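What follows is a single structure, written as structure tokens, with notes after it.
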Amino acid sequence: MSTTSTTTVNVSGMTCGHCVSSVSEELESLAGVETVDVELNAGGISTVTITSSQQLSPSEIGEAVAEAGYLVVANNA
């Protein structure tokens, strides 16, 4: 049985549903990603929770989010 890994990142710059789908689409294209759940905070810091069958590296996640045109920010930002 495989264990699932849940990773939560904060993303700045997302303002609408289109932003959510862009980010979700990029993250879902990463290997092992099962679900992407975005808690949109328009104009602020949105919370993105990624469930995957393997541990994702912060750089993989950061690159996918950047590909969608947004920025992962530190939890304490």
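Taken together, the values in this text are just the output of simple stated rules run on the coordinates, not laboratory data. Since the model is a prediction, treat every value here as computed from it, not as a measurement.
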Any idea what angle helix 17-28 forms with the longest principal axis of the chain, computed on alpha-carbon atoms, 0 to 90 degrees, nearest 10?
30
Where does helix 58-67 land angle-wise versus the long Cα axis of the chain, in degrees 0 to 90, nearest 10?
50
Given the DSSP H assignment, sum -39500 (n - 2.57) over each helix run of at least 4 residues in the chain and divide by its residue total; what's the result at 222 nm in deg cm²/dmol, nearest 500?
-8500 deg cm²/dmol
Relative contact order for the chain: what percent, with Cα pairs under 8 Å and sequence separation of 6 or more?
42
